[in-house]
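Right, one structure below, let's go through it.
The values are calculated or read from the model by the stated rules, or taken from the named source; none is laboratory data. Computed from a predicted structure; not experimentally measured. FYI the Cβ positions are ideal-geometry reconstructions off the backbone, even for glycines, and counts take in every protein chain you see. Surface areas here come from the heavy atoms of the whole protein model, side chains and all, with no ligands, DNA or RNA. Shrake-Rupley method; radii C 1.70, N 1.55, O 1.52, S 1.80 Å.
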Amino acid sequence: MKSVSILGATGSIGTSTLDLVERDREAFRVVALTAQRDVAGLADAARRTGAELAVIGDPALYGALKDALSGSATEVAAGEDAVVEAASRGADWTMAAIVGTAGLLSTMAALRGGRTVALANKESLVSAGALMTDAAKRHGATLLPVDSEHNAVFQCFDHGAPGSIRKVTLTASGGPFRDWTLDAMRSVTPAQAVKHPNWSMGAKISVDSATLMNKGLELIEAFHLFPLEADQFDAIVHPQSVIHALVDYVDGSVLAHLGSPDMRTPIAHCLAWPHRMATPCQRLDLAAVGRLDFRAPDLERFPAFALAKDILAEGAGRAVILNAANEVAVGAFLDGRIGFLDIALIVRKALDRYDPGSPSCLEEVFAIDVEARAVARDAMETIGA
Ligand code: NDP
Ligand code: MG
């Protein structure tokens, strides 16, 4: 029996993970589940799975969670430190699925436990890439990529002979505004932006997919996960989301990973790794799909992707700024305070402001993150938000 913890258990990735875990009660035992504000969702999941520990990030909600779990055997805790403690509880397998750099400390805590960490929380890897992969190595932890493209690369990558690989290509659906003009994108609403054509996801990553920042973050994520040079990673728009990534070898062979767009497939790959487990995901029916299309990303209409692509060669501190400014801008867009095209504008303004150099420890990552958020808020004022 494998013991599992899920950080961000009430989110899109968290509930997909729970769905798989709950299908096989003999195979998995739940140690810890965490959420930020969704007391009802967390308590319900804890009762269903008989979790040992349930943690709510917002300390003001401790009483509500305690009430919701009264009479159950689940231990209850609250606050940021308690989320990190939950990650340190020593589960065999931890899903890191908190959104944003808010998940950085808990993901690091799970890695320091030296077990298996399934990583969905890409913002942490973008901000603290080398520190995170170093921690995994030092503590003997296994870091498995949940992000569908990276999970696809992981499955096609010859880990014993990276020198035989010429290039890795991530695919992008292109998001809901793939064919929109820049002018039309000016008046995009949050409701339109979170409606992804192929994938069902949380609000933040859905907006990132719409700006193509998600693909930019994913290039940086891939750079930290696979031992290739920055210029060996690229992305291509593939509207059907059937191929998730391609690995191009020196002999001309190209290995691709295909599957229906359902995150339970990559999550199951990580959950069962190094074995396989069955999932209820819809089977890929290529005859029904009919055709697969590809095109290069349009850097003019999707400047966020270009910004992130440039960062790959620019150093780790720049990636912290990119990510932090984007988190602030996406939050402001979702709150209706700025327009859709302002997101990339604010990120660019924050990047133009300074170069902090490469952070050498987590404290430096957080210092750059905090400063970049302030710069982004300041940039928002200059555009009248
Ligand atoms: P959601 O917004 O659906 O869920 C986020 C989870 O994190 C929730 O459980 C939420 O709790 C919790 N959370 C939010 N803020 C905090 C905080 N400050 N501290 C602690 N916990 C917090 O996001 P997704 O599931 O879509 O995405 C999670 C991560 O996975 C992201 O990094 C995303 O980029 C990545 N990812 C997601 C994919 C997808 O298909 N959804 C695909 C690939 C990667 P509460 O519910 O209480 O707010
Ligand atoms: Mg992805």
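Considering only 144, 105, 292, the Gaussian network model of the chain with Cα springs below 10 Å gives its largest mean-square fluctuation to 292. Ordered from largest to smallest accessible area (heavy atoms of protein chains, 1.4 Å probe), the residues 289, 250 come out as 250, 289.
Using a Gaussian network model on the chain with a 10 Å cutoff between Cα atoms, which of 305, 366, 294 fluctuates the most? It is 294. Normalised per residue, the accessible area of the range 314-385 is 42 Å², obtained with a 1.4 Å probe and no contribution from ligands, DNA or RNA. Using Cβ point charges alone (K and R +1, D and E -1), the dipole size of the chain about the Cα centre works out to roughly 700 debye.
Probing with 1.4 Å while keeping every protein chain in the model, the per residue accessible area of the range 167-227 equals 36 Å².
Rg/Rh for the chain: what does it come to with C-alpha atoms and Rh from Kirkwood?
0.95
Considering only beta bridges that DSSP places wholly inside the chain, some 25 percent are antiparallel.
Per-residue surface analysis assigns residue 179 an accessible area of about 100 Å², computed on protein heavy atoms at 1.4 Å probe radius. When 123, 229, 26, 52 are compared by accessible area at a 1.4 angstrom probe, the order from most to least is 26, 229, 52, 123. Note on exposure: 238, 196 ranked by accessible area (1.4 Å probe, complete protein assembly) read 196, 238, with the most exposed listed first. Computed with a 1.4 Å probe on the full set of protein chains, the accessible area for residue 298 sits at about 60 Å². Scan the chain and note any complete DSSP helix (H) whose C-alpha atoms cover at least 20 Å along its axis and whose Kyte-Doolittle average is 0.0 or more. Helix filter hits for the chain: 316-334, 362-382. Note on the range 64-140 and the range 156-194: Cα centroid distance 27 Å, given to the nearest whole angstrom. Helical runs assigned H by DSSP (4 residues or longer) give the chain a calculated mean residue ellipticity at 222 nm of -14000 deg cm²/dmol, each run adding -39500 (n - 2.57) before division by the residue total.
Here the scattering of the range 314-385 is modelled by Debye summation over its C-alpha atoms, one equal scatterer each and no solvent; at q = 0.17 Å⁻¹ the log10 of I(q)/I(0) is -0.54. Cross-link reach is defined here as a Cα-Cα straight distance under 25 Å, omitting same-chain residues fewer than 8 places apart; for residue 309 the lysines meeting it are 122, 167, 195, 204, 215, 349.
Restricting everything to alpha-carbon atoms, can you work out Rg to Rh for the range 2-146 with a Kirkwood hydrodynamic radius? Walk me through the intermediate numbers first.
Details: Rg = 14.0 Å, Rh = 14.7 Å.
A ratio of 0.95.
For residue 79, the amide hydrogen comes within under 5 Å of the amide hydrogens of 56, 57, 58, counting only partners 5 or more places away or on other chains and with H modelled in the peptide plane. What a 1.4 Å probe finds exposed on the chain is 51% carbon and sulfur by accessible area, rounded to a whole percent.
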